[in-house]
Amino acid sequence: DTAVSQTPKYLVTQMGNDKSIKCEQNLGHDTMYWYKQDSKKFLKIMFSYNNKELIINETVPNRFSPKSPDKAHLNLHINSLELGDSAVYFCASSQGGPGSGGSKFFGPGTRLTVL
Amino acid sequence: AQSVTQLGSHVSVSEGALVLLRCNYSSSVPPYLFWYVQYPNQGLQLLLKYTSAATLVKGINGFEAEFKKSETSFHLTKPSAHMSDAAEYFCAVSTAGTASKLTFGTGTRLQVML
């Protein structure tokens, strides 16, 4: 069974569209994250949820809205997509919160291409 | 604030040679340190982590790293490189606290040659 899964794996869309990426973890972790990896492979955290509560919200355009319906799911909705949103988006989970030192398990990534 | 610096965006070694990937960190409080590996078109996989226990940490696939506070370093090593080790390697740091976050270095691409 996949520990952290994301759908879709690839997403190609036009500028201005709205899209969602879904993430699920079956590890029983209480903290989930979204990271963005740009074309130069640089990884940066976007959001973190602990027990469905937003605890980290980096400087991300408000076109990006995360939603955590329960501890096992963290979805990312993006409005009015722009060319600069093209990247690989990784979901991750850990136990005990971002600062607990718990190992973070990453999903396989969603490659978003905005045309 | 916390940060990591990975020296060398590309490292090439021959198969069987020593692998040394460098990472220096900056943190105002005791850090947690991690090494992740990313194979082409895949997600990140944890290699090893340091969380204030033993300073020499052993990870998967024969990798290990040593935490040296005096040098603020956490270099990754493997005695003998294998072709399957070719990948992108990321060093990362976080600190304790609810709002702490994992901060990644810019990555080092390891190439292994025959």
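Things worth noting here:
- Ranking of B:SER80, A:SER94 by neighbouring Cβ atoms within 10 Å, starting from the fewest: B:SER80, A:SER94.
- Relative to the 2.2 N^0.38 Å rule of thumb, region B:12-114 has a C-alpha radius of gyration ratio of 1.06.
- B:LEU20, A:LEU76 arranged by Cβ crowding within 10 Å, fewest neighbours leading: B:LEU20, A:LEU76
- Magnitude of the charge dipole, the protein assembly as shown, Cβ model with Lys/Arg +1 and Asp/Glu -1, debye to 20: 140 debye
- Calculated on the alpha-carbon coordinates, the convex hull of chain A measures out at 94 cubic angstrom per residue.
- Set A:LYS36/B:LYS78; A:LYS19/A:LYS67; A:LYS22/A:LYS67 screened for pairs whose C-alpha atoms are more than 19 Å apart: A:LYS36/B:LYS78
- Footprinting exposure proxy ranking of B:HIS10, B:HIS75, fewest other C-beta atoms within 10 angstrom first, gives B:HIS10, B:HIS75.
- Take every Cα pair under 8 Å whose residues are at least 6 apart in sequence, average their separation, divide by the length of chain A, and the relative contact order is 37 percent.
- Amide H contacts of B:THR95 (H built 1.01 Å from N, under 5 Å, at least 5 apart or other chain): B:TYR32, B:LYS101
- Chain B - share of DSSP beta bridges that are antiparallel (%, nearest 5): 90 percent
- With 26 Å as the limit on Cα-Cα distance, the pairs of A:LYS52/B:LYS101; A:LYS40/B:LYS68; A:LYS44/A:LYS71 that go past it are A:LYS40/B:LYS68.
- Each of B:LEU44, B:SER80, B:PHE67 was placed along the dipole of region B:38-86 (beta-carbon charges, centred on the mean Cα), and the one lying farthest toward the positive end is B:PHE67.
Readers should treat all values here as calculations from the given coordinates under stated rules, not as data from a laboratory. What you are looking at is a predicted structure, and each value in this text was computed from that prediction instead of being measured. Glycine gets a Cβ as well: all are built from the backbone with ideal geometry, and neighbour counts include every protein chain shown.
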